[in-house]
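The values are calculated or read from the model by the stated rules, or taken from the named source; none is laboratory data. Just so you know, these numbers come straight off a predicted model, no measurement behind them. Virtual Cβ from ideal backbone geometry, glycine too; neighbours counted across all protein chains shown.
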Amino acid sequence: MSELIRVPDLGGEGEVIELLVKVGDRIEADQSVLTLESDKASMEVPSPKAGVVKELKVKIGDRLKEGDELLVLEVEGAAQAAPAPKAEAAPAEAPQAAAPAAAPAAATSSVQDVHVPDIGTDGKVKVIEVMVKAGDTIEADQSLITLESDKASMEIPSPAAGVVEEVLVKLDAEVGTGDLILKLRTTGGATTSAAPAQAAAPAAAPAAAPAPAAAAPAAASVQDVHVPDIGTDGKVKVIEVMVKAGDSIEADQSLITLESDKASMEIPSPAAGVVEEVLVKLDAEVGTGDLILKLRTAGG
């Protein structure tokens, strides 16, 4: 089915300086669809879902803010469900139809641009350590680089697990909020595991057809989101909590703001999802590794 994709929370408005997709393109979840530029930084806006671009609602030079229409996407999940009625009409052919369904699973990986999150300053800071290289397999929240300003040093974590395709920063380079750190190949979840069940019992195909739709929510998992390495062994104060239970958030969206005696910094989410529970309070003292919230993330 067609779904209208809107601008996520950007913390302000920005100008469209680049369109990265066109009508007819097949895109992955989290694939960047356009680049916005504000007076502080440029950022790529990702698609929340995989599918085929049916209509673009924006053009170069448009100014966008949260909630504005981006594009119309033919969501792939709906298209894959459509062939199920054919299995009812010819149950004997169901095993043959089920076999090709496994093939798309291998194609669910996508390359994600990883940017410097909001580091609490409008200027540039120095890269004093690069902790990963092309070909490395990394986990969500694993530190990628260490930045140092005149006030503090901080490690920047990966928003997702995957394999490093290309590192785009060098030691001693100067970077700022929104700058590209690296390209990360991420892998989607296995959504084809329900297909063999249809092949094993073709006679029951009509009853089994709704099963993949019901199974999709079960692929979601709850992820603990912790305070990344903030460059100090002590505790710092939570001066702002930006999300609440039930909020739908994007990868790299700021969750809380911390303040030490040297600097303030916003802590980004490592993944997109729905906030299950917030475990920190305003004015609480937290440190590296402390639990911020529980996030329900959807499977690929």
Lone qualifier among T192, T187, T177, T146 - being touching a Lys or Arg at 6+ places or on another chain (Cβ under 7 Å) and either at pLDDT 90 or above or surrounded by 14 or more Cβ atoms within 10 Å (Cβ to Cβ) (or both):
T177
Being surrounded by 21 or more Cβ atoms within 10 Å (Cβ to Cβ) and not assigned by TED's automatic domain parsing to the domain that holds L34 narrows it down to one residue among V130, V116, V163; which is it?
V116
V238 meets each of (1) part of a loop (DSSP other than H, G, I, E, B); (2) at pLDDT 90 or above with one exception, condition (1)
State whether the residues of segment 64-82 include one that is modelled with pLDDT under 85 and part of a loop (DSSP other than H, G, I, E, B).
yes
Restricting the search to segment 246-270, which residues are closer than 18 Å to A284 by Cα and either touching a helix residue (DSSP H, G or I) at 6+ places or on another chain (Cβ under 9 Å) or not in a strand (DSSP E or B) (or both)?
S260, D261, K262, A263
